[in-house]
Amino acid sequence: MALETTNLPPLPPKPRNLFPLWASAIVGLAWMMGVQLDISPKTLIYGWEDILEYFSRYSSPDFSQAPGYVVLMLQTMAMGLWGTVLAFVLGFFLAPFAARNLSPNAWTYNLAREALNFMRAMPDVLLALVLISAGLGLGPQAGALALGIHTAGFLGKFFAESLERVDKGSYEALDAVGAGFSQKLMYAGWPSILREMSGYTLYILDRNIRTAAVLGLVGAGGIGIALYDTLRMFNYSQSAALLIVLVITIMVLDRMSNFIRSKLQ
Amino acid sequence: MSAIVIDKVEKTYANGTRAVHGISLNIEPGQFTVILGPSGAGKSTLLRMMNGLETPSAGSVTINGTLLERKTLRQVRRTVGMVFQQFNLVGRLNVMTNVLTGRLAYRSWLGSVLHLFRDKDLVIGHEALARVGLTDKAWVRADQLSGGQQQRVGIARALAQKPRVILADEPVASLDPLASEEVLDLLKGICQNDGISVVANLHQVEYSRRYADRIIGINAGRVVFDGPPDALTDEVVEALYRRPTSPEEKSHEPAALALAHA
Amino acid sequence: MSLLRLRWPTPNGLPPRLIWMPLLIVAVLLAISEHLVEFSPLFVLSKIDEIGAFIARMFENPPPLDYLPQLAEKMLETIEMAILATLIAAVISLPMGFLAAHNATPHPLVGQVVRDLLSFFRALPELVWALVFVSAIGLGPFPGILAIAVVSIGFMAKFFAEAIEVVNKGPIEGIHATGAGWFQVRYFAMFPQALPDFVGTLLYVLDHNLRAATVLGIVGAGGIGFDLINSIRYFEFDRLIIIVLAIYLAVTVVDRLSDTLRTRIIQGGGCKHGS
């Protein structure tokens, strides 16, 4: 016995679906931005032969300088590692103050949060530039420091958020035995988020090594400086070799850190 | 013609577990058939083979005269509605869209990407929702409904397929007693009034006696009882839920598991 | 047993290996890489007053008001670059994510190839891609947008694929059982479930892209970066400080905005999807 449509209880009024409105607003806005920035996909469509020709210049990598590149790559990786360790230490000490449920008072909470925000907001390339011209001079030291400051902002924020998510009961239990700020951290806070912390730190290490490769562009050592020089001198075969070394290293590191992170879970 | 013909069907999983040992059954149209048995008896595997969610290792399944195989899969599934223990709705879509997914097998991929359905589909969806008494929830997101309501949306989705058979895999196992009876009453009504065959897996003896036209008792992958509810005596039930004795089955049919649901 | 002996609450009284092993490995790595980085905390500390003086010099002169219009224009360009690149990347990442996800890819081989391609996109930072694109198609914001978009595709498609891989299997089965086709299962069962994750990632990426866009000008790929490097190169510290403040302001605003939106989406009800 199939029911007749006319006898059916009516559907409630359909809520207005705003999706098409949003979508067309976004497309319109993007269009306006494209026009304002003078972007024409025509450059890509009409110039694709030129672009292909350009990329074909990278097709014969010259590995004669490879040992030098490997040293530069090692320097880049070392820069990333030092930056990460610095970031970890800074984040480790700042995060507890930036966690709402642990921070001793509203003052330290806001101060720590603002400090972390500022560190995150300053791009590492900019920090490296400033540190170099401010007196640290050219070389990887400024790069490592810049990476450390910038990513401490991230690690500090992530750690603080993890500390906030720890089960309230764990902290209360320690409050009940009369534990202080640092004791609560060492016996309830950090042990509960050890796994997450290692995951975040590995992720930042990965990111820092990647970014360290470009800090050379502004004079902070590592493989970036060689890449910049060879590209500026239109030495495409050497650039290609450098890019290959860079890509392979980073892809290997990516696999490794993925592997370790999957082990952590 | 039987609605479903199951012929010497077997199922052995990749890990060596033998879930179904050569079962043959004919399921008649318009009947409410309950497959009864303890957890892990192979009920679910058997039911899921009836619309190709599992492929038999041996034997064949024929639905309304069409042999279930790779190339007929979509065509067969179109006429076989399925209701799940965990409802399996897409929580972020609204109720009406969930019901209309029952029409997908009739629509092209391009139209469905644009969320375009025919007026006819909307009428079918409306009817199905009215049948389960949820028209007022049509534009609510599915994950905001209670369990019983979600299961009724699941039934509406199956109805929207205009099926000839509805398979229900433990439809009330996740529901409280009140919602369970609502859902089973609904399925029974659909079976009686719309002439749709219903095959339901249950593990509750009481519900089986109350709702079934025919009960098929399964234990350790074999049919151990087949008959009307009156024939399901207490002795039969005890035998049905008794732990298997042969050592082979014992290994994958822990007695505790079987008894837990008796 | 001495009462004064200190021990860890472990069976052998020593710290657990999971703690000291990573620390030891990191210490050894730091020791052997020390000469590569030439890092010396003492040297850094000895330069503290120089850095202080450098920062003080930024505040010596009153801010150059005549530069403000140009600053506004360049900041707008930077923000637009980030938004456009993110949008382009989002549109391309959706199909790429499906191709890369183990449970949605049309063929395992396709999945592997797409995942490797995405990994390649991610491997090079925006600045390197920008260098390459600038030498390929010339100066301006367009190569910058392409550079950001390429890296963003690498990340967004990867995260989207991961979100698809962990969606609840029930609804997929539910849609399968209705006889829906290959495409319909992906569109009706997987996509709505993975969408909130995708929008969350999109907001993260937008945040990151704005930071990236601020420095691309260093290699001539548009945005505020060009003025930034020039003000350092020509010691125009009064300009430098307002550029830095403008970047801080823009990044912080976007950061807060995307944080709020993300929490709203995660708590549900943020993003509507349906007919």
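Each value in this text was obtained by applying a stated rule to the coordinates, not by laboratory testing. All values reported here derive from a predicted model rather than from experimental measurement. All Cβ positions, even for glycine, are placed from backbone atoms using ideal geometry, and neighbour counts span all protein chains on display.
Within 10 Å of each Cβ in peptide A:75-85, how many partner chain Cβ atoms are there on average? Round it to a whole number, please. That average works out to 4.
Taking the beta-carbon count within 10 Å as an exposure proxy, list C:Glu126, B:Glu10, A:Glu172 from fewest neighbours to most.
With the fewest neighbours first, C:Glu126, B:Glu10, A:Glu172 line up as A:Glu172, B:Glu10, C:Glu126.
DSSP finds beta bridges in the protein assembly as shown, and of those with both partners inside it, around 50 percent are antiparallel. In summary, the lysines within cross-link reach of C:Lys74, defined as a Cα separation below 25 angstrom excluding same-chain residues under 8 places away, comprise A:Lys42.
Charged neighbours of B:Lys11, selected by a Cβ distance under 11 Å, balance to 0 (K, R count +1; D, E count -1). Within 10 Å of the Cβ of each residue in C:167-173, the mean number of Cβ atoms contributed by other protein chains is 5. Ignoring lysines fewer than eight residues from A:Lys184 along the same chain, the ones with Cα atoms less than 22 angstrom from its Cα are A:Lys157, A:Lys168.
Just check the range B:1-147 against the gyration tensor rule for me: Cα atoms, a ≥ b ≥ c as the square roots of the eigenvalues, rounded for a/c under 1.5, and otherwise prolate or oblate depending on whether a/b exceeds b/c. It is prolate, given that a/c is not under 1.5 and a/b is the larger ratio. Protection proxy ranking of C:148-161, C:214-227, C:109-122, C:68-81, by the mean of other Cβ atoms within 10 Å over each peptide's residues and highest first, is C:214-227, C:148-161, C:68-81, C:109-122. Pair-distance distribution of the range A:124-194: all C-alpha pairs, bin width 10 Å, starting at 0; shares per bin in whole percent are 19, 31, 18, 20, 11, 1.
Quick one: net charge of C:Pro41's neighbours, Cβ under 14 Å, K/R +1, D/E -1?
Values: positive: C:Lys47; negative: C:Glu34, C:Glu38.
Net charge around C:Pro41: -1.
Starting from the Cα gyration tensor of chain A, take the square roots of the eigenvalues, sort them a ≥ b ≥ c, and report rounded, prolate or oblate (rounded when a/c is under 1.5, otherwise prolate if a/b is larger than b/c, else oblate).
Working: a/c = 2.11, a/b = 1.11, b/c = 1.91.
Verdict is oblate for chain A.
Compactness of the range B:113-195 was expressed as the Cα radius of gyration divided by 2.2 N^0.38 Å, which yields 1.11. If you model the range C:2-74 as an ellipsoid using its alpha carbon gyration tensor, with each semi-axis the square root of five times an eigenvalue, the axes come out at 51, 17, 17 Å, biggest first. Using the Karplus relation 6.51 cos²θ - 1.76 cosθ + 1.60 with θ = phi - 60°, the per-residue 3J(HN,Hα) values for the range B:222-237 come to 10, 7, 10, 8, 7, x, x, x, 4, 7, 7, 6, 4, 5, 5, 4 Hz, with x marking Gly and Pro. For a straight C-alpha distance cut-off of 24 angstrom, the lysines reachable from B:Lys188 (same-chain residues fewer than eight places away being disregarded) are B:Lys43, B:Lys137, B:Lys162.
Across all directions of projection, what mean area in square nanometres is found for the Cα convex hull of the range B:1-65? Intermediate results must be reported in sequence, preceding the final value.
Values: hull surface 17.7 nm².
For the range B:1-65, averaging the hull's shadow over all directions gives 4.4 nm².
Across all Cα atoms of the range A:161-265, the radius of gyration (one decimal) and Dmax (whole number) stand at 21.4, 68 Å.
With a cut-off of 8 Å between alpha carbons and a minimum separation of six or more residues, what is the relative contact order of the range C:66-269 in percent?
Values: 265 pairs, mean separation 55.0, N = 204.
Relative contact order, the range C:66-269: 27 percent.
Give the separation of the Cα centroids, the range C:134-167 to the range C:225-266, in Å. Between the Cα centre of the range C:134-167 and that of the range C:225-266, the gap is 21 Å. The alpha carbon centroids of the range C:1-64 and the range B:54-88 are separated by 64 Å.
Of C:Thr105, C:Thr10, B:Thr12, B:Thr101, how do they rank once you tally other Cβ atoms within 10 Å and put the fewest first?
Working: C:Thr105 20, C:Thr10 11, B:Thr12 15, B:Thr101 26.
The fewest-first ordering by Cβ neighbours comes to C:Thr10, B:Thr12, C:Thr105, B:Thr101.
Restricted to Cα atoms, the range C:66-269 shows a radius of gyration and a Dmax of 19.8, 69 angstrom.
Put the Cα centre of the range B:186-234 next to the Cα centre of the range A:160-184 and the gap is 55 Å. Amide H contacts under 5 Å for B:Met82: B:Leu167, restricted to partners 5 or more places along the chain or on a different chain, H placed in the peptide plane at 1.01 Å from N. Each other residue within a Cβ distance under 15 Å of A:Arg195 adds +1 if Lys or Arg and -1 if Asp or Glu, for a net charge of 0.
Here the average projected area of the convex hull drawn through the C-alpha atoms of the protein assembly as shown stands at 44.5 nm².
Express the relative contact order of chain A as a whole percentage, based on alpha carbon pairs under 8 Å and six or more residues apart in sequence.
Values: 293 pairs, mean separation 67.2, N = 265.
Relative contact order, chain A: 25 percent.
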